[in-house]
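Only one structure is covered here, and it is reproduced in the block below.
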Amino acid sequence: MSVAELKEKHAAATATVNSLRERLKQRRQLLLDTDVATYTKNQGRSPVNFSATDLVCCRTLQGHTGKVYALDWTPEKNWIVSASQDGRLIVWNALTSQKTHAIKLLCPWVMTCVFAPNGQSVACGGLDSACSVFNLSSQSDRDGNIPVSRILTGHKGYISCCQYVPDQETRLITSSGDQTCVLWDVTTGQRISIFGGEFPSGHTADVLSLSISSTNPNMFVSGSCDSTVRLWDLRIASRAVRTYHGHDGDVNAVRFFPDGLRFGSGSDDGTCRLFDMRTGHQLQVYARQPDRNDDEIPTVTSVAFSISGRLMFSGYSNGDCYVWDTLVAEVVQNLGTLQNSHEGRISCLGLSGDGSALCTGSYDKNLKV
Amino acid sequence: MGATDVTPPCPKSPPKYPDLCGRRRLQLEVQILNREIGFLEEELHSLEGVQPVSRCCKEVNEFIGTKPDPIIPVNKKRHGSCRMWRWIRSKICCCVSWICCLEKPTNCSCPQSKNCECCSCECSCDSCSYPNCTCCNSNCCTCLEVSRCPCCRSFCNCKPNCSCMNCKQNCSCINCCSSNCNISCCRCRPSCSTHCGSCFSESCCSCMRCSCTKPQCFSGAFSCFWPFSCCCKSNCGKSLCCRSCCVLRTPSCPECSCGCVWSCPTCGDICRCIKRNNPCCISGCFC
């Protein structure tokens, strides 16, 4: 086939793709008969009532000397691991504020950290394009550093996020700037599956975050700079199960809803959205009121749900931390305006395993509980 | 014998090879598009019979509330005995003070009234005497005395709108207290200088208020070729501003060339290659 004929085929295929996307959009619009807020308000729901003292900052974890980029809670003990621009991971006892471990990293440009399900190991990754695993029970070397127990190499871009598969100490998923996600066997250091890449229906830009369903650990979602979220099945790496459109900018954060069938996402377009995993429907948009003091719309950096799903916490680039009533889509509290709130961008947040506490991390070098 | 004119050697031009790499790239793209068409048709087909959004909303509404949530405040309900006495009182025209005073709600922290009249015995926050609620701490406007002054909560206007009068010059107020509060209540953002370098100072504003110029990259690297003129915007190295936005620029490929050489030589300590956006380079063709 000549180049000219190929070009004609290319143009025809592009037109078909665009037409199909438009049809899909219209078909979804027909099914969009309501949203969560309209439905629940019609059912008589009113917003959760928060007073100024219902959610207070009871701990400020100080110790990092650089911006905090990521944090994670242990599933059972009240420990938190945080990653910072200072090139360290710190493990904190959230109840006492004490530091139990401080791990100096080989590559200081860390972007993500996570606890293993048993709380005995932590994993992290960043601009070194590798995921490092540390066993907290290991003996420190003579400099007082915990040696790395495994390095997972293979990504061709930075590691933006990593998560352990629930209840599996040996399975870890990473997301990367090379547009792929990878499932690893931590014991052998081998890649088990690669999700995305050039040919399969993967993301077409950097992948920035991922979240694994608690009720069906074979399913995970990833958010990307291509403005989409994609659903993957661990057993089928050849293609994404579904692609969720809606955001108008990079999707910085994704998190599954507690029922494991819905998920929330946060984006550079300043909104959070709730999607239904199985149908692909966008159920709700959580958009902040425009603030005349903002030259640009603050971007969403992080999202998390309370244990019941009634509250959604979202961190923003201007230091706000909104508590949304998920059902009525209203802001019931802004933690960024409370006494002792962070003085910089909220970069990460997460709920404790029992759902009783929220930890936020910020560019002001602190974490707050 | 005269010198023979010797024609200097003239190397032949290399043969013109067919533009295979460009064809291959086009073929690959057509394959990807055809695959995408298949996925989209499948998705359209799967929407037949899919439940509307309202059903999903119903499921969400039903799910929430099935689990207790420790982070959500519990509504304080009146004690049953209080309700009964209020009902009785509402039926009796004259207050018999000793009846009302028999049962005081245990969660009432209002001081016991000297004259124990029915209404004050109930001790609802609207009617009880409460201490003056000031905006407490000199640094802030939240009420700290809540545990001893439940009424205060409803009367203290914590963090009213900012008048900005006490903020520094050139600051924009995000969330100030009223003008009689201490200046430290104000969360002011000083205006940034035009250079990105000022964005890293702890005392400076967030990068999004900076009108940044392209960063000075270390020698050997190119300045950011990203469409945005300012590395401080989000697409340049997600969590890291400006400084790490230095990207080693990949060469642009003419459409029908043999492709380009993808090279990302090892970056220095400061900058790393973060994003690739040139399709030629992704395919990694070599001439």
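Values as computed for the structure displayed
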{"quantity": "Distance violations [Cα-Cα > 27 Å] among A:LYS25/B:LYS58; A:LYS77/A:LYS365; A:LYS156/A:LYS365", "calculated": "A:LYS156/A:LYS365"}
{"quantity": "Using a Förster distance of 30 Å, the FRET efficiency for A:GLN43-A:ASP354 (Cβ separation, nearest 0.05)", "calculated": "0.55"}
{"quantity": "Sites B:ARG24 and A:CYS107 - FRET efficiency at Förster radius 45 Å, r taken between beta-carbons, to 0.05", "calculated": "0.80"}
{"quantity": "Range of Cα positions in the range A:8-103 per principal axis (Å), largest first", "calculated": "62, 49, 24"}
{"quantity": "Potential extension, A:VAL3-A:VAL241 segment - 0.36 nm per residue separation minus Cα distance", "calculated": "82.4 nm"}
{"quantity": "Average beta-carbon neighbours from other chains, 10 Å sphere, peptide A:90-101", "calculated": "0"}
{"quantity": "Average beta carbon contacts from partner chains per residue of A:12-24, 10 Å cutoff", "calculated": "4"}
{"quantity": "Relative contact order for the range A:234-369, counting Cα pairs under 8 Å that sit 6 or more residues apart, in percent", "calculated": "15 percent"}
{"quantity": "Label-point separation, A:GLN289 to A:LYS25 (7 Å along Cα→Cβ), nm", "calculated": "3.1 nm"}
{"quantity": "FRET efficiency, 1/(1 + (r/R0)^6) with R0 30 Å, evaluated for A:THR100 and A:ASN334 via beta carbons", "calculated": "0.40"}
{"quantity": "Distant-in-sequence amide H partners of A:THR100 (H built 1.01 Å from N, under 5 Å)", "calculated": "A:VAL91, A:TRP92, A:ASN93"}
{"quantity": "Isolated Cys in chain A, by beta carbon distance under 4.7 Å", "calculated": "A:CYS57, A:CYS58, A:CYS107, A:CYS131, A:CYS161, A:CYS162, A:CYS181, A:CYS225, A:CYS272, A:CYS321, A:CYS348, A:CYS359"}
{"quantity": "Three principal axis lengths of chain A [C-alpha, angstrom, descending]", "calculated": "67, 54, 39"}
{"quantity": "Gain upon complete extension [A:ASP143, A:THR53; 0.36 nm per residue less C-alpha separation]", "calculated": "28.0 nm"}
{"quantity": "Mean-position separation - Cα centroids, the range A:236-307 and the range A:152-188, in angstrom", "calculated": "22 Å"}
{"quantity": "Packing-based ranking, highest mean first, of A:330-341, B:32-43, A:123-134, A:102-113 given that Cβ atoms within 10 Å are counted", "calculated": "A:123-134, A:102-113, A:330-341, B:32-43"}
{"quantity": "Given charges at Cβ of Lys, Arg, Asp, Glu: chain A dipole, positive-most of A:LEU24, A:ASN216, A:CYS181", "calculated": "A:ASN216"}
{"quantity": "Positive-pole candidate from A:ALA94, A:GLY361, A:VAL68, dipole of chain A, charges at beta carbon", "calculated": "A:ALA94"}
{"quantity": "In range of the label at A:LEU32: residues from the range A:235-260 whose backbone nitrogen is under 11 Å from the point 7 Å along Cα→Cβ", "calculated": "A:245-247"}
{"quantity": "Overall form of the range A:148-190 per C-alpha gyration tensor (a/c, 1.5; a/b vs b/c)", "calculated": "oblate"}
{"quantity": "A:ASN216 versus B:ILE37: modelled label distance in nm, points set 7 Å from Cα along the beta carbon direction", "calculated": "3.0 nm"}
{"quantity": "Per-residue average of Cβ from other chains inside 10 Å of A:226-233", "calculated": "0"}
{"quantity": "Orientation-averaged projected area, Cα convex hull of the range A:186-258 (nm²)", "calculated": "5.4 nm²"}
{"quantity": "For peptides A:158-165, A:27-34, sequence by mean Cβ density within 10 Å, most packed first", "calculated": "A:158-165, A:27-34"}
{"quantity": "Rg ratio (alpha-carbon, reference 2.2 N^0.38 Å) - the range A:84-190", "calculated": "1.02"}
{"quantity": "Cα gyration tensor category, rounded, prolate or oblate, for the range A:308-369 with a/c compared to 1.5", "calculated": "oblate"}
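No value in this document is a laboratory result; all are computed from the given coordinates. Keep in mind it's a predicted model, so treat the numbers as computed, not measured. Here Cβ is always computed from backbone atoms with ideal geometry, including for glycine, and neighbour counts include all displayed protein chains.
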